[in-house]
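Please read the structure below before turning to the comments.
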Amino acid sequence: GIDGKFFSVNPTLCEMLGYTKEELEELSFNDITVEEDKHLGTSFVSRAINGDIYRASFEKRYVHKDGHIIWAFVSSALVPQPVKGRRFFISYVQDITERKQAEEQLKAKSDQLRALTISVRSAREAEGIRIAREIHDELGSALTSMKWDLEEMGKVVSRVDDISLSSPLQMKIATMSGLIDSTVDVVRRISAEL
């Protein structure tokens, strides 16, 4: 009825909720509805009585007689003509608990997969940073040391009196120094990309 009380129930609903026909017909929908879902039925009843809508479908949770939760798909419609002066709704209630549990399991697995993906990405980024630092520190310092050695060699070569010997050596040192500078740039680029 519009007061939320059961007018008549079938054996399937009784079996679904664990009550006898007589027990259910003494209760209302709100008596067996999870507190957080009571607004769904109340809102529909209110809107139907006001003439805004006359039918609705929604998912809500019921409390089985033994206390466990049952998810149900409810399709309800206000009967247009009162019977014996009583206005009431006809409702179809389907147990969708297994589907909801499967959805929850799928969501949990999806959340786990998302967390694993983030963890793998984070580990990969951390490894990239570690390798980049190692490349930059090890290769960078080795190349810098080589450059200083070449500069020292250049100073020694510049003091050699034989130009036919010193000039080619200075050219070779300049070429090697340029190669070291370009290698340092490559090391910086690779480190930054990592």
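Taking the mean number of other Cβ atoms within 10 Å as a proxy for protection, how do you rank 121-128, 29-36, 171-178 from highest to lowest? Walk me through the intermediate numbers first.
Working: 121-128: 10.6, 29-36: 15.5, 171-178: 13.5.
The peptides rank, most packed first, as 29-36, 171-178, 121-128.
When Rg and the Kirkwood Rh are both derived from Cα coordinates, the Rg/Rh ratio for segment 81-163 amounts to 1.79. Rolling a 1.4 Å probe over the protein chains gives Lys155 an accessible area of about 110 Å². Across segment 20-133, the relative contact order, built from alpha-carbon pairs under 8 Å that are at least six residues apart, equals 15 percent. Comparing Cα centroids, segment 33-62 and segment 141-158 end up 85 angstrom apart. Dividing the helix sum by the residues of the chain, where each DSSP H run of 4 or more adds -39500 (n - 2.57), gives a mean residue ellipticity at 222 nm of -20000 deg cm²/dmol.
Between rounded, prolate and oblate, where does segment 30-135 land on the alpha carbon gyration tensor, with a ≥ b ≥ c its root eigenvalues, rounded for a/c under 1.5, else prolate if a/b exceeds b/c? Prolate shape, in that a/c is at least 1.5 and a/b is the bigger ratio.
Dividing the radius of gyration of the alpha carbons in segment 124-190 by their Kirkwood radius gives 1.20 for Rg/Rh.
Treating r as the C-beta distance of Asp161 and Asp181 and R0 as 25 Å, the FRET efficiency rounds to 0.25. Working value for segment 1-70: equivalent-ellipsoid semi-axes of 22, 14, 10 Å, each the square root of 5 times a Cα gyration tensor eigenvalue, largest first. What relative contact order, as a whole-number percentage, does segment 51-194 give when Cα pairs under 8 Å and 6 or more residues apart are counted? Here the relative contact order equals 17 percent.
A probe of 1.4 angstrom, applied to the heavy atoms of all protein chains, finds Val187 with accessible area near 10 square angstrom. Positive end of the dipole of segment 55-193 (Cβ unit charges, origin at the Cα centre): among Ile70, Ile131, Ile173, the Cα lying farthest that way belongs to Ile70.
Ranking of Leu150, Leu106, Leu194 by solvent-accessible surface, largest first: Leu106, Leu194, Leu150 (1.4 Å probe, protein heavy atoms only, all chains present).
Rounded, prolate or oblate for segment 75-115? Axes are the square roots of the Cα gyration tensor eigenvalues, ordered a ≥ b ≥ c, and the cut-off for rounded is a/c under 1.5.
Note, shape of segment 75-115 comes out prolate.
The GNM of the chain, with springs linking C-alpha atoms under 10 angstrom apart, assigns the highest mean-square fluctuation among Gly154, Gly67, Gly41 to Gly154. Which lysines does Lys155 reach when only Cα atoms under 29 Å apart count, and residues fewer than 8 places away in its own chain are ignored? Leaving aside lysines fewer than 8 places away in the same chain, those within reach of Lys155 are Lys147, Lys172. Structure note, pairs Lys5/Lys109; Lys38/Lys65; Lys65/Lys100; Lys21/Lys109: Cα-Cα distances above 29 angstrom occur for Lys5/Lys109; Lys21/Lys109.
Between Lys109 and Thr20, the modelled label-to-label distance comes to 4.3 nm, taking each label 7 Å out from Cα in the direction of the beta carbon. Radius of gyration over Kirkwood radius for the chain, both on Cα atoms: the Rg/Rh ratio is 1.66. With a simple spin-label model that places each label point 7 Å from the Cα along the Cα-to-Cβ direction, the separation between His64 and Leu169 comes to 9.4 nm.
Heavy-atom accessible area with a 1.4 Å probe sorts Ile96, Ile163, largest first, into Ile163, Ile96.
The values are calculated or read from the model by the stated rules, or taken from the named source; none is laboratory data. Not measured: the values here are computed from a predicted model. Ideal geometry is used to build each Cβ from the backbone, glycine not excepted, and the neighbour counts take in all protein chains shown. These area figures cover heavy atoms from the full protein model, side chains too; ligands, DNA and RNA do not enter into them. Shrake-Rupley method; radii C 1.70, N 1.55, O 1.52, S 1.80 Å.
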